[in-house]
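**Student:** So that we are looking at the same thing, I have put the structure below in structure tokens.
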Amino acid sequence: MNDRPFNDHSYEAFLEEEKIMGSKCKKCGALALPPRPLCVSCQSREMEWVQFQGAGKLAGFTSITVAPPAMAKEGFGRNNPYIVGVIELVEGNKIVGRIAGLDAKKPEDIKVGSPLKAEFIHAGPVANQTTSLVFKP
Ligand SMILES: [Zn+2]
């Protein structure tokens, strides 16, 4: 797996395998998610793959009532909002993802700092499948 380039395409390929993979700088240990070929901290190009656990806590969120077409197709919209949040992973990195299992109609009841765990959602036809992360309590 070290043969794969450190980019978004590899990140997505790993998601299909149900792995959350980022890059780790061999020089300073900085983690990047999604993976990056160049260290954001020391500019080194010596990277290795590291698997993230997919566990973290809610750092911030928004309840979305105006759904983009792909989400509207799933039935989301004004009367059925959904939540997108920033998740701070146990490794310290933050990622943006859809949050499920919390009541998007009552955002006042959602607590920042709530523990969340990643699940892999596969969508579309087998030949052209996309995998995305959804975080759940
Ligand atoms: Zn570095």
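**Student:** What's the number of the condition ARG4 fails, among (1) farther than 29 Å from VAL126 by Cα; (2) in a loop (DSSP other than H, G, I, E, B); (3) more than 16 Å from the ligand (Cβ to nearest atom); (4) of a type in the set (Lys, Arg)?
**Tutor:** Of the numbered conditions (1) farther than 29 Å from VAL126 by Cα; (2) in a loop (DSSP other than H, G, I, E, B); (3) more than 16 Å from the ligand (Cβ to nearest atom); (4) of a type in the set (Lys, Arg), the odd one out for ARG4 is (1).
**Student:** Residues that are touching a residue at least 12 places away in the same chain (Cβ under 8 Å), at negative phi, in a loop (DSSP other than H, G, I, E, B) and within 16 Å of the ligand (Cβ to nearest atom): does the range 45-67 have at least one?
**Tutor:** yes
**Student:** Being of a type in the set (A, V, I, L, M), closer than 16 Å to VAL134 by Cβ and either open to solvent by 50 Å² or more (accessible area, probe 1.4 Å) or within 16 Å of the ligand (Cβ to nearest atom) (or both): is that true of ALA70 here?
**Tutor:** yes
**Student:** Looking only at the range 99-115, which residues are open to solvent by 60 Å² or more (accessible area, probe 1.4 Å) and within 28 Å of ASP8 (Cβ to Cβ)?
**Tutor:** GLY101, VAL112, PRO115, listed by residue number.
**Student:** Moving on to the next point. Can you spot a residue in the range 35-43 that is modelled with pLDDT under 95 and either outside any strand (DSSP E or B) or under 16 Å from VAL134 (Cβ atoms) (or both)?
**Tutor:** Within the range 35-43, one or more residues are modelled with pLDDT under 95 and either outside any strand (DSSP E or B) or under 16 Å from VAL134 (Cβ atoms) (or both).
**Student:** Restrict the check to the range 73-80 and report whether at least one residue is modelled with pLDDT under 95, outside any loop (DSSP other than H, G, I, E, B) and open to solvent by 70 Å² or more (accessible area, probe 1.4 Å).
**Tutor:** yes
**Student:** Is it the case that the range 116-130 has a residue that's over 19 Å from GLU17 (Cα atoms) and open to solvent by less than 30 Å² (accessible area, probe 1.4 Å)? Before the answer, list the steps.
**Tutor:** Quick first cut of the range 116-130, residues over 19 Å from GLU17 (Cα atoms) only: 116.
Remaining after also requiring open to solvent by less than 30 Å² (accessible area, probe 1.4 Å): 116.
Within the range 116-130 (the criterion being over 19 Å from GLU17 (Cα atoms) and open to solvent by less than 30 Å² (accessible area, probe 1.4 Å)), the answer is yes, since at least one residue qualifies.
**Student:** Just checking, how many residues over the range 11-34 are surrounded by 15 or more Cβ atoms within 10 Å (Cβ to Cβ), within 14 Å of the ligand (Cβ to nearest atom) and part of a loop (DSSP other than H, G, I, E, B)?
**Tutor:** Residues in the range 11-34 being surrounded by 15 or more Cβ atoms within 10 Å (Cβ to Cβ), within 14 Å of the ligand (Cβ to nearest atom) and part of a loop (DSSP other than H, G, I, E, B): 1 in total.
**Student:** Residue pairs, Cβ under 9 Å, 6 or more apart or interchain, first in the range 24-35 and more than 15 Å from GLU88 (Cα to Cα) and of a type in the set (Gly, Ala, Ser), second within 8 Å of the ligand (Cβ to nearest atom) and modelled with pLDDT of 95 or more. List them.
**Tutor:** These pairs meet every condition: GLY29/SER41; ALA30/CYS39; ALA30/SER41; ALA30/CYS42; ALA30/SER44.
**Student:** Within the range 103-115, can you find the residues that are in contact with a Phe, Trp or Tyr (Cβ under 8 Å, 6 or more places away or on another chain) and either assigned to a loop (DSSP other than H, G, I, E, B) or modelled with pLDDT of 95 or more (or both)?
**Tutor:** Answer for the range 103-115, where residues must be in contact with a Phe, Trp or Tyr (Cβ under 8 Å, 6 or more places away or on another chain) and either assigned to a loop (DSSP other than H, G, I, E, B) or modelled with pLDDT of 95 or more (or both): ALA104, ILE110, VAL112.
The values are calculated or read from the model by the stated rules, or taken from the named source; none is laboratory data. Just so it is clear, the structure is predicted and the values come from calculations on it, not from any experiment. Positions of Cβ are backbone-derived with ideal geometry, glycine not excepted, and every protein chain shown enters the neighbour counts. These accessible areas exclude ligands, DNA and RNA; they are computed on the full protein's heavy atoms, side chains included. Shrake-Rupley method; radii C 1.70, N 1.55, O 1.52, S 1.80 Å.
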